[in-house]
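What follows is calculated from the coordinates using simple rules that are stated; it is not laboratory data. Just so you know, these numbers come straight off a predicted model, no measurement behind them. A quick note on method: Cβ atoms are made from the backbone with ideal geometry, for glycine too, and the neighbour counts reach across all protein chains shown.
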Amino acid sequence: MIAVTRAPRGPLPMLHRGEVLHRESRFRDRTRARWRHDDRGAAAVELTLMVPALVLVLGLLVAGGRLWFARTAVVEAAQTAARAASLARTAGQAYHDGQGAAAASLATAGLVCGNRTVIIGTGAFGVPAGTPATVTSVVECSVPFGDILLPGMPGSIRLSSRGTAALDTYRSRS
């Protein structure tokens, strides 16, 4: 039997029948192969790198959803204010009904406005009966980031929407 005493560099030599590699050479070759092809711990590293990215994406999705909800609440408040104002009999009553409807709509949605402005356009009440006219409303709301993104986050975003509603064409106006 022929024994090889030193580990070959490069690929392992072909052994003929009856040849045996030296014990040290076999150990070194197995150790090198294990180092080159050992995947133990790779999943832990991948998980460690992926979890923060996934948490960030999830946080952005939640923040985007809350921002979308806040915008939708302001649009609904503007439409509700215009509709309530269009049902009133006088311009003064339309102004007060529109203000109240906008405030109630924002409160129902749970949206806290730092600075809320509701403008009701009552010029349509000056148009004679029989002429089509519309009442307009503009709702602006400054929503703190702490309410829609992260609690305690400084700053705010200004949301604005416009709503319109038709007055009954043949109803008397004053």
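General remarks:
- Local charge for residue 115 was computed over the other residues whose Cβ lies under 11 Å away, with Lys and Arg +1 and Asp and Glu -1, and equals +1.
- The distance between label points at residue 142 and residue 89 comes to 3.9 nm (points 7 Å beyond Cα on the Cα→Cβ vector).
- If R0 is 41 Å, the Cβ-Cβ spacing of residue 166 and residue 58 corresponds to a FRET efficiency of close to 0.40.
- Exposure proxy order (Cβ contacts within 10 Å, fewest to most) of 137, 105, 160: 160, 105, 137
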